[in-house]
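This report refers to the structure that appears directly beneath it.
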Protein chains: 2
Amino acid sequence: MRKLGAIEAGGTKFVCGIGTEDGQILERASFPTETPEVTMKNVVSFFEGKDIEALGIGSFGPIDPIVGSPTYGYITTTPKPHWGQFDFVGHMKKHFSVPMSFDTDVNGAALGEYTWGAARGLDSCMYITVGTGIGAGAVVDGKMLHGLSHPEMGHILVRRHPEDTFEGFCPYHGDCLEGMAAGPAIEKRWNIKGSELTPDHPAWEMEAYYLAQALMNYVLILSPQKIIMGGGVMKQEQLFPLIRTKLSELLNGYVQHPSLSQHLDQYIVYPELGDNAGLCGAIALAKLALEGEEGATIG
Amino acid sequence: MRKLGAIEAGGTKFVCGIGTEDGQILERASFPTETPEVTMKNVVSFFEGKDIEALGIGSFGPIDPIVGSPTYGYITTTPKPHWGQFDFVGHMKKHFSVPMSFDTDVNGAALGEYTWGAARGLDSCMYITVGTGIGAGAVVDGKMLHGLSHPEMGHILVRRHPEDTFEGFCPYHGDCLEGMAAGPAIEKRWNIKGSELTPDHPAWEMEAYYLAQALMNYVLILSPQKIIMGGGVMKQEQLFPLIRTKLSELLNGYVQHPSLSQHLDQYIVYPELGDNAGLCGAIALAKLALEGEEGATIG
C-alpha cells in the first residue's frame, strides 16, 4: 500500500495527513497557521520518516497553480502577514523529492468529492465553502478548473436583498457575495454569531437569497453536474431547502434538465466526505501527482 | 485538400459553408430560418455533391451537445416554432455519412477563435455574442465547456443601473443580463434602434455597466485567458473602452494578473475572425469531428 501525503493549508490551521490511494485517512495532525517558519517546521516534521510517495497541497490563496508559470507553487498576493510570495512547493521539494500537486483548497475539495464523494462517476462538479470567506472550486471534464489563474468565485456580484441595509465587509468589493454572505457578514449584520441564531431566524432566508443567486450564476456559466456546499455556515441544514427553492424560482424553468427540475435535493448537497472534504481533496491531489508522474514515465 | 462542411444555424438565418483544415472559407450560402422542412432542404442541397469529409454544426439553442445522451444532436426546448425537439444531427446523418460535431453557435465561435483567431496558442477563452440575445461559449483546457448541458451565460443576474427604469424583456427572468442588455433591451429602453444612437449617447455607458458586471462574474468563475465579444451590439466600438474601465473598477485589483492590470485592451477584444467567427467556428467543429474520427480509428 502506497502512502500519500496531504496538506490542507488554511488561514487558521494546517491539517496534515497520510492517506491511501482509495482515499482512506491513516493519520492526521493539525497545526495553527503562524509564520511560514514556525508552521512549515511542524509540517515538515510531520512527514519526515513517513515514506510518502507523493504529496498533495490544497492551499488558501491566492496561489499560483499554473504549472510552468515562474511562480508556480507559490502563495502569491495573500493579505495574510508573512505568507505573501511564499514558495510552498519549493519549500516542500527541499525536504521531500516526491511528485507534488498544488491547487486551491476548494479545487482540491472539488477533486476529492469527484474522486470519492458526492460527485463520484460524474464528469464535473463544484465545491463551494461558506465560512469565514466564500470560495469555490470546480472539476470540469475530469480536471480542476484553471485559466488565467484559479477561479475566485466567492467575489461575484449579487443583488442586495430589499430589506438588507448591511454594507458588506469585503475590503475589495464591499457587497459582493463574500461581503454579504460569509460568516462574518452574518455576525456583523445581526450582531450575533450565526451559530447562535435559531433555525427559523430571518437571517437564513436572507443568506439563502444571496447563495441562491450565486448558484444561479454558477449553473448558467459552468453547468456543473453536481453542486457541493460545505464550510461552517452550511452546517445550518435549514439552508439547503431554502437555497433549492430560491434557485428554482430564479431559474424559472429556463434550463431544462431533470437535475434542476426534479432532483434539486440530489443536485445541491452537503459534502459526502463531510469535514474530511479538504484533507481528502489534498489526498486526491497527491494521487493525481503520482499518476501524472507515472504517466510521464510511461509516456 | 480535404473539404469540411460547416453550418452556422441561427434563429434568423442558416449560413452554410465549405472550409479547409486551416480555417479558410471556400464557399458559402445563406438561407432564411423557416420551418425545418424548408430550411433543411436548402441545407442538404447545398452540401450535396461537395464531397465533404466532416460536418460541424454550431446551432442556436437550447440544444443537447452531450455525446451519449438520448437526445444528442437535437435542438431541444427552443421556443422557436417548429424547431423544438428537432433531431438536427440525425437529419444530416440520413444524407451524409461523415463524422459530425454539434454544439452551440457560441461554443463553436469560441472554438474557432481558439483555433484560428484571437485566442490562438492559449488554453482557454470565452466568446460572448451581444445581439438580439446574449450568449456565451467557452473553451477550457482546449475543450468546449459542457457539464449538465451547455452554458447559458446570457441569463446571469445583474444589478440594475441606478438610473435605469426599464423592466427588462427576458420572458423567463425579466431583468437578467439578456433582459437588460441585448439589442432589443436597448431599443425598448430608448425607443430607438441601438444602431441609430450616437456613440456618446448615455445608452452606451448603461450598456457597458451591465456587460462589465457580466465579465466580472465570468472572470471570477471561469478565469478565461481571453474574452472575445462579438455580435451586432459589439460593433459599437465605443463600448470596448467603457467595458474595460468598468470591469477594472469592479475587480478593484482583487485578481492580480498582468492581463487584468496592464493589458485589458488585449484581454477583451472583438473577434479576430470578425463576422466569420460563427462559420469558422462550425469549420473548427468539423475539424474536431474529423480528428475525433481519426483518433478513434487509430486508438
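Derivation of every value follows stated rules applied to the coordinates shown; laboratory data play no part. Computed from a predicted structure; not experimentally measured. FYI the Cβ positions are ideal-geometry reconstructions off the backbone, even for glycines, and counts take in every protein chain you see.
Things to note:
- Annotation: of all residues in segment B:265-290 being closer than 12 Å to B:Ile228 by Cα and either in contact with a helix residue (DSSP H, G or I) (Cβ under 7 Å, 6 or more places away or on another chain) or charged (D, E, K, R) (or both), the one that is surrounded by the most Cβ atoms within 10 Å (Cβ to Cβ) is B:Ala277.
- Test: residue in segment A:208-222 that is in a loop (DSSP other than H, G, I, E, B), within 14 Å of another protein chain (Cβ to nearest Cβ) and in contact with a Ser or Thr (Cβ under 8 Å, 6 or more places away or on another chain): no
- Residue in segment A:227-244 that is touching a His at 6+ places or on another chain (Cβ under 9 Å) and touching a residue at least 24 places away in the same chain (Cβ under 8 Å) present: no
- Single match in B:Met229, B:Met234 (criterion: more than 14 Å from chain A (Cβ to nearest Cβ) and either of a type in the set (Lys, Arg) or part of a strand (DSSP E or B) (or both)): B:Met229
- Single residue of B:Ser45, B:Ser59, B:Ser69 found to be surrounded by 15 or more Cβ atoms within 10 Å (Cβ to Cβ) and among the polar types (S, T, N, Q): B:Ser59
- Residue within segment A:139-151 that is surrounded by 16 or more Cβ atoms within 10 Å (Cβ to Cβ), touching a strand residue (DSSP E or B) at 6+ places or on another chain (Cβ under 8 Å) and of a type in the set (S, T, N, Q) present: no
- Criterion applied to B:Pro65, B:Pro81 was being within 22 Å of B:Ala109 (Cα to Cα) and not polar (S, T, N, Q), and the one residue passing it is B:Pro65.
- Failed condition for B:Thr115, given (1) away from every other protein chain (no Cβ under 14 Å); (2) touching a strand residue (DSSP E or B) at 6+ places or on another chain (Cβ under 8 Å); (3) not in a loop (DSSP other than H, G, I, E, B): (2)
- Residue in segment B:195-204 that is buried (at least 20 other Cβ atoms within 10 Å of the Cβ), within 14 Å of chain A (Cβ to nearest Cβ) and of a type in the set (A, V, I, L, M, F, W, C) present: no
- Residue ID - farthest from the chain's Cα centre (by Cα), chosen from residues in segment A:141-185 that are within 30 Å of B:Tyr114 (Cα to Cα) and more than 9 Å from chain B (Cβ to nearest Cβ): A:Gly142
- All of (1) touching a residue at least 60 places away in the same chain (Cβ under 8 Å); (2) crowded, with 20+ Cβ neighbours inside 10 Å; (3) among the hydroxyl-bearing types (Ser, Thr, Tyr) hold for A:Thr132 with one exception: (2).
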